[in-house]
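Colleague: Quick one: this structure, given as structure tokens, is what I'll be asking you about.
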Amino acid sequence: MRRVLVAYASRYGSTAEVAREIASVLTGAGLSVDVMPVEQARDLSPYEAIVLGTAVRMEKPLKATLTFATEHRRELGRRPLALFSLGAHMRTDTPENRDRTRQHLAPLLAALPRPILMGFFGGKVDYGRI
């Protein structure tokens, strides 16, 4: 069975929720999936593919995601890689907001080998948790 890692960086939990939902879909497709924060994802060798997720805060990907990408660049380049992000601009899915989101992710994209798939999701603001 193919094994996939869904690693994410989340400040207030929304990105973690999406990571778990992605893992659920992949598991339903017959894959073996581990979900964990990027800080816990140290050994990528057991995985045949990686899904990496980050929140976009203050128009930047979270620092933990950049650290993960930099530290694991070589391993990430050896297997299929997908990237997803959550941010306020994608609450309305327009070409302009997709371009803006890509610009915000530029530091992360520069640190990664080219992802084969990218998905952008609208973030949520839960004022009770901020």
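Colleague: How large is Rg/Rh for the chain, to two decimals, with Cα atoms and a Kirkwood Rh?
Modeller: On the way: Rg = 13.9 Å, Rh = 14.7 Å.
Reported Rg/Rh, Kirkwood definition of Rh: 0.95.
Colleague: So what does residue 4 come to for accessible area, using a 1.4 Å probe and Å² rounded to 10?
Modeller: About 10 Å², rounded to the nearest 10.
Colleague: Could you give the dipole magnitude of the range 1-106 about its Cα centre, charging the beta-carbon of Lys and Arg +1 and that of Asp and Glu -1, in debye to the nearest 20? Numbers along the way, then the final one.
Modeller: Numbers: 16 positive and 12 negative charges, 42 e Å.
Once rounded to the nearest 20, the dipole reads 200 debye.
Colleague: Further question on the same structure: Report the relative contact order of the range 1-87, percent, no decimals, based on alpha-carbon pairs under 8 angstrom and at least 6 residues apart. Walk me through the numbers before you get to the answer.
Modeller: Numbers: 143 pairs, mean separation 31.5, N = 87.
That works out to 36 percent.
Colleague: For the chain, what is the accessible area per residue in Å² when the probe is 1.4 Å? Display every interim value, and only then the final one.
Modeller: Values: 7460 Å² over 130 residues.
Value returned for the chain: 57 Å² of accessible area per residue.
Colleague: Ignoring ligands and nucleic acids, what accessible area does residue 6 show with a 1.4 Å probe (Å², nearest 10)?
Modeller: The accessible area comes out at roughly 0 Å².
Colleague: Which shape class applies to the range 1-58: rounded if a/c is under 1.5, otherwise prolate when a/b exceeds b/c and oblate if not, where a ≥ b ≥ c are the square roots of the Cα gyration tensor eigenvalues?
Modeller: Details: a/c = 2.80, a/b = 1.49, b/c = 1.88.
Since a/c reaches 1.5 but b/c is at least a/b, the shape of the range 1-58 is classed as oblate.
The values are calculated or read from the model by the stated rules, or taken from the named source; none is laboratory data. What you see is a predicted model, and the numbers here were worked out from it, not measured in a lab. Glycine gets a Cβ as well: all are built from the backbone with ideal geometry, and neighbour counts include every protein chain shown. Remember, those area values only see protein heavy atoms, side chains included, never the ligands or the DNA or RNA. Shrake-Rupley method; radii C 1.70, N 1.55, O 1.52, S 1.80 Å.
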